[in-house]
Amino acid sequence: MTRLPAAVRALLTALAALTATAATTTPAASAPATPEPRAPKDFVALGSVDPTILQEIRYFTPHNFVGERIDGYREPLCVLTRPAARALHEAQRKLLPRGYSLKVYDCYRPQRAVDHFVRWAEDPDAQAMKAEFYPDVDKSRLFADGYIAEKSGHSRGSTVDLTLVRLPAAPTRPYRPGEPLTPCFADRDERFPDNSVDMGTGYDCFDTLSHTLDPRVQGEQRANRTLLKNTLERLGFVNLAEEWWHYTFRPETFPDTYFDFPVARRSLTGHR
């Protein structure tokens with residue numbers, strides 16, 4: 001067998017080693033990203049059904065009991081099942097001639113947002129917003145008292161948190177993170193400004209005063225709660241007794257399904 005010169009043998013050995021190293025360090029083809037879940041065609045953006053209903057989607061902002069934007073809220077958008085959105089449209093038609101508009105705070109809520117609430121509730125040190133949203137409730141009681149749960153009817157798409165606004169609607173200033181907080185059950189002139197009518201507490205107030213028919217809530221505050229309740233119940237909504245703002249349209253389109261698509265127009269691509 002013909003012997004190769006030593007220099008040639010050394011060169012071939014180096015090239016073989018270099019080729020082997022490259023083969024072991026070349027990254028494998030990356031797996032395709034898992035596509036985001038999309039909403040079924042039974043879901044719509046509320047604005048496409050009734051653009052006159054005001055929207056202040058709180059969980060897109062840091063002005064909520066957690067103190068930061070909540071997972072899954074990609075846009076400040078109200079998404080609902082079509083029957084629930086149409087029923088709100090009918091409610092708005094009845095309220096506008098009386099000088100009121102509906103304003104929604106939250107609509108469909110993805111499961112990942114509920115999971116965010118659960119993680120926050122399990123962290124005893126995360127209490128930046130206590131002074132406003134749960135001043136008289138020990139955070140360790142949030143699960144036991146029913147303020148936080150691992151599942152929410154909002155994730156089924158037919159539940160909405162809302163209020164009334166007297167027209168013409170005044171603007172509501174944005175919350176400034178770190179600003180001094182006032183209890184959500186303080187007098188209207190003292191708590192965080194909201195262009196809604198006076199309901200006796202602010203939205204998402206973890207307190208028994210938020211119970212829709214709490215006997216301590218009287219006068220104008222009681223009348224405002226009653227107007228909202230009567231208007232919505234005549235159109236098929238059912239109120240959660242512990243929260244004056246919480247209503248579910250029935251029969252629900254998806255009574256047993258908890259969705260996790262993001263709150264974003266892209267989730268509704270192709271819907272009409």
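Name the single residue that is surrounded by the fewest Cβ atoms within 10 Å (Cβ to Cβ) among those in the range 233-247 being under 19 Å from the mean Cα position of the chain (by Cα) and over 18 Å from V197 (Cβ atoms).
Residues of the range 233-247 under 19 Å from the mean Cα position of the chain (by Cα): 239-240, 242-247.
Now narrow it down to the ones that are over 18 Å from V197 (Cβ atoms): 240, 242.
Details: L240: 17, E242: 15.
Looking at residues that are under 19 Å from the mean Cα position of the chain (by Cα) and over 18 Å from V197 (Cβ atoms), I get E242.
For the range 54-72, a residue qualifies if it is surrounded by fewer than 23 Cβ atoms within 10 Å (Cβ to Cβ) and either of a type in the set (S, T, Y) or more than 30 Å from D125 (Cα to Cα) (or both), and the qualifying residues are L54, Q55, T61.
So that you can scan it fast, the table gives a plain yes or no per residue for (1) of a type outside the set (A, V, I, L, M, F, W, C); (2) at pLDDT below 95; (3) in a loop (DSSP other than H, G, I, E, B); (4) under 23 Å from P255 (Cα atoms):
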{"residue": "M1", "(1), (2), (3), (4)": "no, yes, yes, no"}
{"residue": "T13", "(1), (2), (3), (4)": "yes, yes, no, no"}
{"residue": "A33", "(1), (2), (3), (4)": "no, yes, yes, no"}
{"residue": "E36", "(1), (2), (3), (4)": "yes, yes, yes, yes"}
{"residue": "A39", "(1), (2), (3), (4)": "no, no, yes, yes"}
{"residue": "R86", "(1), (2), (3), (4)": "yes, no, no, yes"}
{"residue": "L102", "(1), (2), (3), (4)": "no, no, no, no"}
{"residue": "D115", "(1), (2), (3), (4)": "yes, no, no, yes"}
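The lone criterion from (1) part of a loop (DSSP other than H, G, I, E, B); (2) of a type outside the set (S, T, Y); (3) in contact with a strand residue (DSSP E or B) (Cβ under 8 Å, 6 or more places away or on another chain) left unmet by V165 is number (1). Here N224 passes the criteria (1) surrounded by 14 or more Cβ atoms within 10 Å (Cβ to Cβ); (2) free of Cβ contacts under 8 Å to residues at least 60 places away in the same chain except the one numbered (2).
Inside the range 61-105, residues that are touching a residue at least 60 places away in the same chain (Cβ under 8 Å), touching a helix residue (DSSP H, G or I) at 6+ places or on another chain (Cβ under 9 Å) and of a type in the set (V, I, T) make up a count of 3.
So if I check each of F259, F192, which one is touching a helix residue (DSSP H, G or I) at 6+ places or on another chain (Cβ under 6 Å) and either under 29 Å from A39 (Cα atoms) or at pLDDT 95 or above (or both)?
Numbers: F192 fails: touching a helix residue (DSSP H, G or I) at 6+ places or on another chain (Cβ under 6 Å).
Sole residue among the options that is touching a helix residue (DSSP H, G or I) at 6+ places or on another chain (Cβ under 6 Å) and either under 29 Å from A39 (Cα atoms) or at pLDDT 95 or above (or both): F259.
Step by step: first the residues of the range 182-221, then only those that are surrounded by 19 or more Cβ atoms within 10 Å (Cβ to Cβ) and of a type in the set (S, T, Y), then the one that is nearest to C107 (Cα to Cα). Which residue is that? Looking at the filtered set, the residue picked out is Y203.
Take the range 41-60 and flag every residue that is over 18 Å from F249 (Cα atoms), of a type in the set (D, E, K, R) and part of a loop (DSSP other than H, G, I, E, B). Passing the criteria: only E56. Take the residues in the range 155-176 that are at pLDDT below 95 and not hydrophobic (A, V, I, L, M, F, W, C), then tell me which one is farthest from R191 (Cα to Cα). Ranking the candidates gives P171 first.
Just to verify a result, which residue in the range 128-138, among those that are in contact with a Gly (Cβ under 9 Å, 6 or more places away or on another chain) and outside any helix (DSSP H, G or I), is farthest from D204 (Cα to Cα)? Step through it out loud before you land on a result.
So in the range 128-138, the residues in contact with a Gly (Cβ under 9 Å, 6 or more places away or on another chain) come out as 128-129, 132-133.
Right, trim to outside any helix (DSSP H, G or I) and you get 128-129.
Details: A128: 15, M129: 12 Å.
That would be A128.
If we scan the range 139-161, do we find a residue that is outside any loop (DSSP other than H, G, I, E, B), farther than 27 Å from E233 by Cα, among the basic types (K, R) and touching a residue at least 12 places away in the same chain (Cβ under 8 Å)? Checked the range 139-161: at least one residue is outside any loop (DSSP other than H, G, I, E, B), farther than 27 Å from E233 by Cα, among the basic types (K, R) and touching a residue at least 12 places away in the same chain (Cβ under 8 Å). The C-beta contact set for the range 179-190 (first residue without any contact (Cβ under 8 Å) to a residue 60 or more places away in the chain, second residue of a type in the set (K, R) and not in a loop (DSSP other than H, G, I, E, B), distance under 9 angstrom, 6+ apart or interchain) comprises L181/K130.
The values are calculated or read from the model by the stated rules, or taken from the named source; none is laboratory data. Given the structure is predicted, the values throughout are model-derived calculations rather than measurements. Using ideal geometry, Cβ is built from the backbone for each residue, glycine included, and neighbour counts are taken over all protein chains shown.
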